[in-house]
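Participant: Handing you a structure now.
What follows is calculated from the coordinates using simple rules that are stated; it is not laboratory data. This one's a predicted model, so the numbers in the text were calculated from it and none came from an experiment. Every residue, glycine as well, gets a Cβ built from its backbone with ideal geometry; the counts of neighbours run over all protein chains shown.
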Amino acid sequence: MDVKIDDLVIAKDRSEHIAKHKVTITEAKEVVTGDYVYIKGKLGRWLLIGKTKKRRFLTVVVGEREKANTYGLITARPSSREERSFYLEFTLTQGGEEDGKDQES
């Protein structure tokens, strides 16, 4: 299954929630509208792993909605080391433009 997001539903409380992880709604949207890799999460959710314009790795968790290609924002947080490695490995093997120089520790 491809995770293609045409519409991201953001509840009013999500801004405050993701701020606890030092992430903004703008940053989460940058990941969702950019190049990301994804893995299946718990409870039927998807973890989107990508980078912001400032090259910050984030993991954005979304849940499917009834309408096709519509997802709700659950949370967003800095990506774990394993998630960053997965992103870099996947983009390198898929012919992406990553070179690993900007990998955070």
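Participant: Of the listed values [x] 13.2, 40; [y] 20.9, 72; [z] 15.5, 56, grab the one calculated as Rg and Dmax of the Cα atoms in Å from the structure here.
Facilitator: [x]
Participant: Roughly how big is the chain's charge dipole about its Cα centre, with Cβ charges of +1 (Lys, Arg) and -1 (Asp, Glu), in debye to the nearest 20?
Facilitator: Here the chain has a charge dipole of around 440 debye.
Participant: Give the total of Lys-Lys pairs in region 7-93 with Cα-Cα distances below 16 Å; include a pair only if its members are 8 or more places apart or on different chains.
Facilitator: Lysine pairs meeting the criterion: 8.
Participant: Tell me the label-point distance for the pair SER85, LYS4, using the 7 Å Cα-to-Cβ offset, in nm and rounded to one decimal.
Facilitator: 3.2 nm
Participant: Of the listed peptides 72-85, 5-18, what is their order by residue-averaged count of other C-beta atoms within 10 Å, with the highest listed first?
Facilitator: Ranked by mean Cβ neighbours within 10 Å, highest first: 72-85, 5-18.
Participant: Only helical DSSP H runs with n ≥ 4 go in: add -39500 (n - 2.57) per run for the chain, normalise by residue count and round the 222 nm mean residue ellipticity to 500 deg cm²/dmol.
Facilitator: Calculated at 222 nm, the ellipticity per residue is -7500 deg cm²/dmol.
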